[in-house]
Amino acid sequence: MPRKSIAPRTLASLPGRFRRNLLAWYDRSARDLPWRRTRDPYQVLVSEVMLQQTQVTRVQEYYPRFLERFPDVASLASAPARAVREAWDGLGYYARGRNLHALAKHVTRWHDGTLPDKPEDLIELPGIGRYTAGAVASFAYERPVPAVDTNVNRVLRRVFWGRAAGNGKRESDVWQLAATLVPRDGKRAWKFNQAIMELG
């Protein structure tokens, strides 16, 4: 039996319904994670770098220990490379620790120890890609910008284009869709980006 096409009116209302349902689901289902309790840009950055290709439960173990040893950008920037390696030991993907250390030195030297608040400035920092730039801008500074990681990418493709058609979409299409979905209000944008990652 052929699939029924989605009526134009229904299709037009899909982004708003998706956003409302997602935020309502997040209110019920969000995990209490330590990096969700802060807007400190450095702490948010550390969590985002650690979470790359690493399970949340593992990061929950390392995150507080790392921050206890290096509580701010300045302390990380001034630490010897060996100390940073020791603190990262066991998390894997060790280039992330080296990049974070290099970033701290760069920010201390060129940005007075303050992480930029815009994605276009964050992405210029060592080891920062498009996703991390958006995540830090949203989660630390409550900027209404998208943050599309692998899981968010998969969710958006399946919800808005379906599994088969979604696979044929370009990355730029997914980012453009994400930008239209993010609420304009900063606090709601923070919540939306957290929610879609939680769903992913």
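The values are calculated or read from the model by the stated rules, or taken from the named source; none is laboratory data. Because the structure is a prediction, the values reported are computed rather than measured. In this analysis, Cβ positions are derived from the backbone assuming ideal geometry, glycine residues included, and neighbour counts consider all displayed protein chains. Please note that ligands, DNA and RNA were not included when accessible areas were found on the heavy atoms of the full protein model with its side chains. Shrake-Rupley method; radii C 1.70, N 1.55, O 1.52, S 1.80 Å.
FRET efficiency for residue 74 and residue 39, Cβ-Cβ distance as r, R0 = 22 Å, nearest 0.05?
Calculated value: 0.75.
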**OP:** Keeping every protein chain in place, order 14, 33 by accessible area at 1.4 Å, biggest value first, i.e. largest first.
**Re:** 14, 33
Subject >> Contour minus Cα-Cα distance for residue 154 and residue 31 (0.36 nm per residue) >> reply: 42.2 nm
**OP:** Give the ranking of 106, 101 by solvent-accessible surface, highest area first, calculated with a 1.4 Å probe.
**Re:** 106, 101
Original post:
trypsin sites (Lys or Arg not before Pro) within segment 139-200: which are DSSP loop residues with at most 13 other Cβ atoms inside 10 Å?
Top reply: 170, 184
Original post:
What is the extension gain from residue 173 to residue 86, computed as 0.36 nm multiplied by their sequence separation minus the C-alpha to C-alpha distance, in nm to one decimal?
Top reply: 27.3 nm
Original post:
At a Förster radius of 25 Å, what calculated FRET efficiency corresponds to the Cβ-Cβ distance of residue 56 and residue 93, to the nearest 0.05?
Top reply: 0.95
**OP:** At 1.4 Å probe size, with every protein chain present, just tell me what the per residue accessible area of the chain comes to in Å².
**Re:** 56
**OP:** Could you work out the local net charge near residue 39, counting Lys and Arg as +1, Asp and Glu as -1, over the other residues with Cβ closer than 12 Å to its Cβ?
**Re:** +1
